[in-house]
Amino acid sequence: MWSLLAAALFGYVSAQSSGNPYTGKTVYIQQAYVDEVQISIDAHPSQATLLKKYQNVPVFYWIDSMARIANLTTVLDGAVAQASKSGDKMVVQIIIYDVPDRDCSAAASNGEISCEDATCAQGIQTYQTKYIDPIVNILKQSKYSALTIVALIEPDSLPNLATNLNVAKCQQAQTAYMTAIPYAIKELAALPNVVQYVDAAHGGWLGWPDNMQKFTQIIKTVLTTAGGVDTIRGFASNTANYQPLGSINSQSDPCKLKENYNDCVNEAIYINFMNTQMETQGITGKGYITDTARNGVPDCRKAESESCGDPCCEWCNIANAGFGNMPSTETSSTGLSIIDAFVWAKVPGESDGTSNTSASNYDFHCGSDESVPNAPQAGMW
């Protein structure tokens, strides 16, 4: 009886603070991703050998709509079956991504839950009761208790509050983000096998000291509301982006960030900088994951874009991008010991957004001269 009570009372602390959740475990490979790559293999048989090298790779399951919650059981059941067969301890990776007024500064991946006004009362209630609560109810089933669930929390959302409050939709989304995201963190932290990383954008976004200062203050408020700094394991960088991984000793600067007073020329330097800044807010002892799914070509984007002006500012379906480091806990090449793993959060091959200019959610970044033409809607292969 005491063990059950202790888990209920202290489970989130042990889950978030018990070390690297990937160590000594096998990360589940989703059959859906294997099948998607097979589509490309069948369509391009001359590239079959190359594509097969990247077919059996663990990617995150994006829960980017309420409809996608139902398939979560398929993913989890697959992991349980593999664990039963192999005897391995299994990690399942998911992304929580349906906050009201999602992607408030962009259009391509706008969410399904909207705020009717700045209070967003109905939108917040929908997120809590029809999105987060059903996910939690699935994850807490006893048949999944032996799985380690790594949850990446709401890409781009809190970074938008740090830098994009000049956008009307982001102004309107403030209450939603600062209420809904702490709720998600708190509810997931109550599950003893869920380990959380909050999205922290990338060095090309928050690497400027003023931006990071605003972001750390936002994070401190969010975590305090959620129940404290120990409700999360740490932070995720470069989600679905292209910033080079590098190392803390690398000076290569393909995006010319230093010329723009940003020293975070790669994600290793950025993570080290972020960790130091988080510590000033009392957020200490955190681990990090960084998305290496498609940052294998450091200079894949223009350092000076004609269409958006800022360094390497294009982000949608970049044509010259390439696979980065394979998912791994061997991260010493960065010169850091605080990175838990390289991960593939973005599913390579799935669209960032449509290039159809007549679509209601068309974003001009998806029609740039750096983007793949004829791209489908976000999330489609």
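If R0 equals 56 Å, the separation of the Cβ atoms of VAL34 and ALA118 corresponds to a calculated FRET efficiency of about 0.80. Shown for the stretch 6-126 is the translational diffusion coefficient from the Stokes-Einstein equation, using the Kirkwood radius over Cα pairs, a temperature of 20 °C and a viscosity of 1.002 mPa s: 121 µm²/s. For the residue pairs LYS25/LYS214; LYS25/LYS286; LYS130/LYS286; LYS53/LYS143; LYS53/LYS346, the alpha carbons lie more than 25 Å apart in LYS25/LYS214; LYS130/LYS286; LYS53/LYS143. Evaluating 6.51 cos²θ - 1.76 cosθ + 1.60 at θ = phi - 60° for every residue in the stretch 139-147, the Karplus couplings come out as 5, 7, 4, 4, 5, 9, 5, 7, 7 Hz, glycine and proline recorded as x.
Which percent of the accessible heavy-atom area of the chain goes to carbon and sulfur, probe 1.4 angstrom? Reported share for carbon and sulfur atoms: 51 percent. Figure note: ARG233, ARG68 ranked by solvent-accessible area, largest first, 1.4 Å probe, ligands and nucleic acids not counted: ARG68, ARG233. The residues of the chain expose on average 42 square angstrom of accessible surface per residue, using a 1.4 Å probe on protein heavy atoms. Calculate log10 I(q)/I(0) of the chain for q = 0.08 Å⁻¹, where I(q) comes from the Debye formula with a single equal point scatterer on each Cα and nothing for solvent. One equal scatterer on each Cα of the chain leads to -0.38.
Descending by average beta-carbon neighbour count within 10 Å, the peptides 151-162, 83-94 line up as 151-162, 83-94, the highest first. Diffusion of the stretch 289-378 by Stokes-Einstein, at 25 °C in a medium of 0.890 mPa s and with Rh set to the Kirkwood radius over alpha-carbon pairs, works out to 172 µm²/s.
FRET efficiency for the pair SER358 and MET380, taken as 1/(1 + (r/R0)^6) with r the Cβ-Cβ distance and R0 = 25 Å, rounds to 0.90. Proximity of backbone amide H atoms, modeled 1.01 Å from N, is registered between VAL59 and GLN30 at under 5 Å, excluding neighbours fewer than 5 places apart on the same chain.
In terms of solvent-accessible area of protein heavy atoms at a 1.4 angstrom probe, what is the ranking of THR23, THR163, highest value first?
Largest accessible area first, the residues go THR23, THR163.
Each residue of the stretch 24-37 was assigned a 3J(HN,Hα) from its phi angle through the Karplus expression (A = 6.51, B = -1.76, C = 1.60, θ = phi - 60°), giving x, 10, 9, 8, 5, 9, 6, 5, 4, 5, 4, 5, 5, 5 Hz with x at Gly and Pro.
When the residues PHE215, PHE364 are ordered by accessible surface, computed with a 1.4 Å probe over the protein chains alone, the sequence from largest down reads PHE364, PHE215.
A Förster radius of 56 Å combined with the Cβ-Cβ distance from HIS44 to ALA168 puts the calculated FRET efficiency at roughly 0.85.
Within the stretch 326-359, find all residues whose amide N lies under 17 Å from a label point positioned 7 Å from the Cα of ILE248 along Cα-to-beta-carbon. Of the residues in the stretch 326-359, 330-342 have backbone N under 17 Å from the label point off ILE248.
Taking every Cα-Cα distance in the stretch 259-316 and sorting them into 10 Å bins starting at zero, the pair-distance distribution P(r) comes out as 18, 41, 30, 10, 0 percent. Using the Cβ of HIS202 as centre and a radius below 11 Å, the other residues enclosed give a net charge of -4, where K and R count +1 and D and E count -1.
Would you work out if the stretch 237-359 is rounded, prolate or oblate? Take a ≥ b ≥ c from the square roots of the eigenvalues of the alpha-carbon gyration tensor; rounded if a/c is under 1.5, else prolate when a/b is larger than b/c, oblate otherwise.
Verdict is prolate for the stretch 237-359.
The values are calculated or read from the model by the stated rules, or taken from the named source; none is laboratory data. These figures come from a predicted structure and were not determined experimentally. Cβ coordinates were reconstructed from backbone atoms using ideal geometry, including for glycine residues, and neighbour counts include every protein chain displayed. Remember, those area values only see protein heavy atoms, side chains included, never the ligands or the DNA or RNA. Shrake-Rupley method; radii C 1.70, N 1.55, O 1.52, S 1.80 Å.
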